[in-house]
Amino acid sequence: MVDGSRLITESLAQAGADAFVGYPITPASWIYQYASKRFPVALAAPDEITTLQWMSGLSAAGHLPVTSTSFPGLALMVESINMAYMMELPMVIVLVQRLGPATGTATAGAQGDVQLVASLISGGYPLPVFCISDFADCWSLPPRALQTAVDARTPVILLTSKEMVMTQRDLDLATLPPVKPVERAFYNGNEPYQPYAPSPDVPVPPFLPVGQGQHQVRLTASTHDCRGIIQHTSPEAMANTRRLQGKVESLTPALFELDEQEGAETLVVAYDITAEAARDAVETLRREGIPVSLFVPKTLWPTPPEYYAIFGRYRKLVFAEENLQGQWARLLFGQHLAPHVRTVTSVGAMIPPTAIAQEVAA
């Protein structure tokens with residue numbers, strides 16, 4: 001018997017994450033507990049603001065830090081996440097969603113933070129957001145998140161929820177594929193190091209830890225040039241700021257599950273724990289002779305362009321989300337959804353497969 005928290009923690013450790021900083025918060029506390037025993041460095045922070053500050057320092061020193069939290073903790077981390085984003089520091093934040101607003105209900109699941117994480121960075125700059133949809137993802141997705149953090153030199157959000165990380169299931173550990181450690185390279189040139197100078201063909205500057213004794217490393221969260229010198233709105237500083245969007249969009253992989261059935265005119269879209277209900281609903285509908293396809297996004301943000309090509313093949317889209325608004329559907333299609341975009345939503349309870357099947361058949 002194993003839970004998603006243990007799989008996520010072990011997968012990150014095997015992938016090369018070497019430091020965990022955390023403040024315990026339900027329902028992310030099991031990740032905190034497991035990581036405190038599994039990671040080479042584990043620090044108990046006095047609060048969530050300190051958590052992200054310590055993670056930033058560890059990342060600047062060449063570590064690959066991880067934390068886990070829920071909305072109240074994330075709310076305190078926002079300014080420091082923006083700092084790490086501007087400083088271009090790789091790290092992974094496992095966000096275990098729970099019922100809000102505010103402190104809400106700590107022991108009830110939800111999918112209510114989707115719009116929040118899509119708008120977390122001031123100026124609307126994209127932050128990579130991946131979402132776990134089943135136990136297999138608990139093992140395979142954390143290394144992809146960590147590699148993206150390294151490749152794009154950025155914080156990454158790994159989104160999940162209470163039911164996914166706290167529910168225990170039987171699992172044959174021998175069926176889990178090996179985890180490939182992240183590939184990472186550091187600047188090794190002889191010229192003075194410029195921490196924010198990308199190469200002509202790669203939008204991400206090479207990384208170099210502070211304190212390595214060979215080069216000076218300037219890291220700043222203020223608007224800066226390629227050397228890390230604070231500037232106002234010079235052309236070089238503005239080009240450097242615009243680069244942040246391009247690097248994330250180009251280096252965030254499009255990860256998704258697509259199960260298309262020939263003749264289907266309806267596509268069911270679901271993520272996180274609701275994807276499990278969607279899989280059951282699609283299986284039931286097909287047994288009843290109703291053709292239907294299934295789309296499970298693993299990359300939620302920035303939205304891969306190929307998603308719209310998939311959506312465009314269907315006359316009806318049914319989004320199933322455990323929030324009141326249908327948040328991801330509205331991120332994709334706007335606040336006023338077109339008639340062919342339907343939502344199945346819930347607050348305070350998981351969405352049953354029957355509710356999804358009924359909307360498809362309606």
Review point. If 67, 223 are ordered by their accessible area, calculated over protein heavy atoms with a 1.4 Å probe, which sequence runs from highest to lowest?
Key: 223, 67
Practice item. Quick one: dipole size for the chain, taken about the Cα centre, charges +1 on Lys/Arg Cβ and -1 on Asp/Glu Cβ, in debye to the nearest 20. Key: 480
**Study point:** the range 1-60 and the range 72-142: distance between their alpha carbon centers, rounded to Å
**Key:** 14
Point to revise | Spatial separation of Cα centroids for the range 209-260 and the range 306-327, in angstrom | key: 32
Review point. Which FRET efficiency, nearest 0.05, do residue 201 and residue 254 yield, Cβ-Cβ r, R0 25 Å?
Key: 0.75
Check your understanding: Label 7 Å along Cα→Cβ of residue 238; the range 177-216 residues with amide nitrogen under 12 Å?
Key -> none
Study note, to complete from the structure: Carbon and sulfur atoms account, in whole percent of the 1.4 Å probe accessible area of the chain, for 54
Exercise for review: Tell me what the chain gives for mean residue ellipticity at 222 nm when only DSSP H runs of n ≥ 4 count, each as -39,500 (n - 2.57), the sum divided by the residue total, rounded to 500 deg cm²/dmol.
Suggested key: -11500 deg cm²/dmol
Practice item. Report the full-extension gain for the segment residue 227 to residue 168: residue separation times 0.36 nm, less the Cα-Cα distance, to one decimal in nm. Key: 16.3 nm
Practice item. Could you work out the per residue convex hull volume over the alpha carbons of the chain, in cubic angstrom? Key: 147
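Per residue, how much accessible area does the range 79-208 show when a 1.4 Å probe rolls over the protein heavy atoms, in square angstrom?
Counting only protein heavy atoms, the per-residue value for the range 79-208 is 39 Å².
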Revision key, fill the gap. For residue 180, the lysines lying under 24 Å Cα to Cα, once residues fewer than eight places off in the same chain are dropped, come out as 37, 247, 298
Study note, to complete from the structure: Candidate cut points under GluC sites (Glu not before Pro) in the range 276-362, DSSP loop plus at most 15 other Cβ atoms within 10 Å of their own Cβ, are 288
Review point. For the Cα atoms of the chain, what angle does the longest principal axis make with the long axis of helix 48-60, in degrees from 0 to 90, nearest 10?
Key: 60
Exercise for review: Would you mind computing, in nm to one decimal, how far apart the modelled labels at residue 175 and residue 105 are, each placed 7 Å from Cα along Cα→Cβ?
Suggested key: 3.1
Check your understanding: Taking a point 7 angstrom from the Cα of residue 49 along the C-beta vector, which residues in the range 102-138 have backbone N less than 20 Å away?
Key -> 102-103, 120-122
**Study point:** Helix 235-251 vs. the chain, principal-axis angle (Cα, 0 to 90°, nearest 10)
**Key:** 40
**Study point:** Rg over Rh, two decimals, the range 256-361 (C-alpha only, Kirkwood Rh)
**Key:** 0.92
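Any idea of the accessible area per residue across the range 256-361, 1.4 Å probe, to the nearest Å²?
Per-residue accessible area for the range 256-361 comes out at 44 Å².
The values are calculated or read from the model by the stated rules, or taken from the named source; none is laboratory data. On a predicted model such as this, the values are computed, not experimentally measured, just so you know. As a convention, Cβ positions derive from the backbone with ideal geometry for all residues, glycine included, and neighbour counts pool all protein chains shown. Just the protein is used for accessible areas: all its heavy atoms, side chains included, with ligands, DNA and RNA removed. Shrake-Rupley method; radii C 1.70, N 1.55, O 1.52, S 1.80 Å.
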